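The values are calculated or read from the model by the stated rules, or taken from the named source; none is laboratory data. Quick caveat: nothing in here was measured; it's all calculated off a predicted structure. When we count neighbours, we look across all protein chains shown, and the Cβ atoms used for this are built from the backbone with ideal geometry, even at glycine. For accessibility, only protein heavy atoms count, side chains too; no ligands or nucleic acids. Shrake-Rupley method; radii C 1.70, N 1.55, O 1.52, S 1.80 Å.
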Amino acid sequence: MELLSEVSLHFSKVSMFPFFEVAHYLISVMTLREQPGAVEVAWRSPLACWFSAMLYCFGGAILSAVMLAEPPVLFLSNDVNIFMASATWFLVFYCPGNIVYQIFSFLPLRIVIAGMKELTRTRKILAGVAHVNSQYKNAWMVMIAIGWARGAGGGLISNFEQLVRGVWKPETNELLKMSYPVKVSLIGSALFTLQHTQHLSITKHNLVFLYSIFLVVTKVVMMVTGSAISPLAPFEAVISCSLFQWLQVPPEVKPDVGKANGTSPPLDDTAEEKEDTTCPVNRSSGENLDTTRKRQTKKE
């Protein structure tokens, strides 16, 4: 435990700037490039594509600022981060021969930068919880909400980002069908809130270390196996069964009117119409045959 505490303490002091931040920008912009129609938008309207990239890179800061009634353009005040994100966007979309995108699409390299991005997610959640606690002391729900927004803001505002590119898909709303990063960010925000309010008996640096390792390991496993199934799926199924499925009411069966009243069920009007329409046809056809036979006998 002492070794773990010492390692986690040193790990919590590692700076995310600049290498981990650049990894975050790389993964975010590459994810944008892989969206349907994003490359066409980049050549047709570079400004719209740049704005979408900034939403991917700084979505957490923008959403949390809006929720706290702070200036949503506050992220633009950090010139260095804006320059790094813009340079990353330009190289990923407009580098000759798509060299940058192809290099970092190589699976081993992509796994490394994806793991580095997950480490920045932990720090963003922790920063959001601490920022709220300085303004709203022990406000649990606010701390969880802002930590969640900081950690998964890019996914939570994905519908707004799609509108910038001229796409409207409300069915992709993250609240309707959460992706794994959004789910795990919510769980992390709740854990850091409990630790911050001293309802979870673990030190902050130990929780940062363990949560970061969990994020990196699950992300690497999902990328190596190519699985889109969330590692949280078994727990979600158990929670759903225990909390919601037993409350579901079976669909109501319409009672049989005839059996309920002790009388015979009413006849189907369509069946009567079918009988009425078929019988005259048969009779008329029989009468036509008789008349033709009589005419033939008269002629003979």
Quiz item: Rounded if a/c is under 1.5, else prolate if a/b is larger than b/c, else oblate: which is region 12-153, with a ≥ b ≥ c the root eigenvalues of its Cα gyration tensor?
Solution: prolate
Exercise. Return the carbon/sulfur percentage of the accessible area of region 13-67, one whole number, probe 1.4 Å, all protein chains in place.
Key: 71 percent
Exercise. Could you tell me whether region 57-129 comes out rounded, prolate or oblate from its Cα gyration tensor? Rule is a ≥ b ≥ c as square roots of the eigenvalues, rounded for a/c under 1.5, then prolate if a/b exceeds b/c, otherwise oblate.
Key: oblate
Quiz prompt | Estimated FRET transfer efficiency (Leu200, Tyr94; beta-carbon r; R0 41 Å; 0.05) | solution = 0.30
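Exceeding 24 Å between C-alpha atoms, which entries from my cross-link table qualify? They are Lys183/Lys219; Lys124/Lys204; Lys124/Lys169.
Details: Lys183/Lys219 13 Å; Lys124/Lys204 14 Å; Lys124/Lys169 28 Å.
Correct reply: Lys124/Lys169.
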Practice problem: Let me know the shape class of region 105-202, please: from the alpha-carbon gyration tensor, a ≥ b ≥ c as square roots of the eigenvalues, rounded when a/c is under 1.5, otherwise prolate if a/b is greater than b/c, or oblate. | Solution: oblate
Quiz prompt | Computed magnitude of the charge dipole of region 137-254 (debye, nearest 20; Cβ of K, R +1, Cβ of D, E -1) | solution = 240 debye
Quiz prompt | Spatial separation of Cα centroids for region 16-58 and region 188-226, in angstrom | solution = 26 Å
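With a cut-off of at most 14 other beta carbons within 10 Å, and DSSP calling the residue loop, which trypsin sites (Lys or Arg not before Pro) in region 158-213 qualify? Please list them.
On the way: sites: Arg165, Lys177, Lys183, Lys204; in loops: Arg165, Lys177.
Here the trypsin sites (Lys or Arg not before Pro) that fit, given the DSSP loop and packing criteria, are Lys177.
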